Structure formats: C-alpha cells, structure tokens
Amino acid sequence: MSSSRLGLRLAACLLNISEARRKNIVENIAKAALLEKNGQTHPEVSVLNIFSDRDYNRSVITIAASVDDLGNSVLAACLEAFQSINMELQEGVHPCLGAVDLIPIYPLSGVSVEECGAVARSLAESLLLHVPGCSLFLFGEADLPEKRTLVQRRKQLGWFTRRDFSTLEPDLGAAPARRCGLTVL
C-alpha cells in the first residue's frame with residue numbers, strides 16, 4: 001500500500017550548508033530541524049542523512065517531514081546555520097556561496113511540486129524576517145513566473161566560480177553580504 005493512500009503528505013529538503021569540518025556545528029544545525037518551538041523533539045520530522053565532505057567543507061542534511069511541518073523545521077536549521085557559519089572565514093574546495101547554500105525541497109508522497117514551491121516561497125519570506133542581510137535567489141516552482149531551473153540559476157550566478165557576489169541583485173532580500181553569502185531555494 002502506498003503512503004499516499006494512508007494520507008501521508010511528505011516532502012524532503014536536502015539542505016546544503018557551507019560547513020563540514022566542525023562536526024558539532026553540523027550536528028547542531030541538524031538537531032535544530034528536529035525541535036519544536038517549545039524545545040521538544042518534533043514527532044513528525046526526521047533527519048534521514050548527513051553527508052559531509054571535509055575537502056569541500058560542505059554538508060548536505062536531508063530533512064523529511066509532512067509538507068505542513070517541513071518549512072518550520074528547515075527554517076530552524078537555517079537560522080542555526082546562519083548564526084554558526086561565517087562565510088568571511090569559510091574555506092574549502094567547493095565554491096560555497098552562502099552559509100546556507102542551497103535549499104531544494106522535493107515531494108516524497110502525496111505532495112505536488114507546486115506545493116513544494118509554495119513551501120520554499122514561504123520559507124524565503126520567513127528567512128527575510130529572521131536573517132538581516134539575507135540574500136535569496138529562487139529556482140523551480142519557487143521562482144514564479146519564470147520557473148528557472150537550478151542549472152539556469154547556477155549559470156546566471158556564476159555558481160562554480162569564486163567571485164564578488166555583492167553586485168548581484170537577489171530575487172528577495174539585500175545584496176549578498178559577505179558573512180551570510182547568498183542562498184538559492
């Protein structure tokens with residue numbers, strides 16, 4: 001029996017952060033995704049995997065939850081990341097662009113890509129409220145009406161080249177600040 005017949009509406013986020021060498025910071029960011037506002041563990045949220053590459057100094061934290069809970073969990077993880085990671089000090093082989101580099105949201109079960117785009121747009125608005133100097137670029141279903149792909153956005157932003165991003169005009173927020181960098185979601 002498929003989970004959609006059981007009424008489960010699940011989505012996932014592969015949260016890309018610019019840290020892999022300080023394990024405690026990566027773990028704290030993952031733990032933040034699991035907690036409710038009252039500090040209790042959220043029963044509907046799971047961290048499925050943490051992949052860290054020390055040379056790249058980049059980690060991907062896979063967070064899964066109901067589509068209604070995913071945005072708040074990812075927001076909590078992002079807030080911890082922005083507080084803990086300073087891009088002015090970040091070094092690594094991968095040309096990381098931001099403390100929170102990439103926030104792709106995917107449907108898992110009973111959820112449409114359009115709903116994932118709505119979660120991403122809502123998350124973007126929340127990040128703007130909570131992170132001064134946040135600089136956001138959108139792709140896919142979050143990028144309405146253009147719906148530019150991640151590949152298109154990477155080319156437009158010069159993703160794989162280290163350069164001064166302060167001249168870029170984000171879709172939302174301020175010009176990229178050196179401490180936060182830029183975030184694509």
Quick test for you: out of Leu138, Leu172, Leu182, Leu129, pick the one residue that is within 17 Å of the chain's Cα centre (by Cα), under 25 Å from Ser84 (Cβ atoms) and open to solvent by 50 Å² or more (accessible area, probe 1.4 Å).
Leu129
Could you go through region 73-85 and let me know if any residue there is out of contact with any helix residue (DSSP H, G or I) (no Cβ under 6 Å at 6 or more places or on another chain), outside any helix (DSSP H, G or I) and either open to solvent by 60 Å² or more (accessible area, probe 1.4 Å) or not aliphatic (A, V, I, L, M) (or both).
no
Could you look through region 26-58, keep only residues that are modelled with pLDDT under 95, of a type outside the set (S, T, N, Q) and open to solvent by less than 50 Å² (accessible area, probe 1.4 Å), and pick out the one that is farthest from Ala77 (Cα to Cα)?
Asp53
Residue check for Ser66: touching a residue at least 60 places away in the same chain (Cβ under 8 Å), over 16 Å from the mean Cα position of the chain (by Cα) and either surrounded by 17 or more Cβ atoms within 10 Å (Cβ to Cβ) or within 28 Å of Lys23 (Cβ to Cβ) (or both)
no
Residue list for region 1-17, restricted to those being surrounded by 13 or more Cβ atoms within 10 Å (Cβ to Cβ), of a type outside the set (A, V, I, L, M, F, W, C) and at pLDDT below 90
Ser4
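The values are calculated or read from the model by the stated rules, or taken from the named source; none is laboratory data. What you see is a predicted model, and the numbers here were worked out from it, not measured in a lab. Every residue, glycine as well, gets a Cβ built from its backbone with ideal geometry; the counts of neighbours run over all protein chains shown. Calculation scope for accessible area: heavy atoms of the full protein, side chains included, ligands and nucleic acids excluded. Shrake-Rupley method; radii C 1.70, N 1.55, O 1.52, S 1.80 Å.
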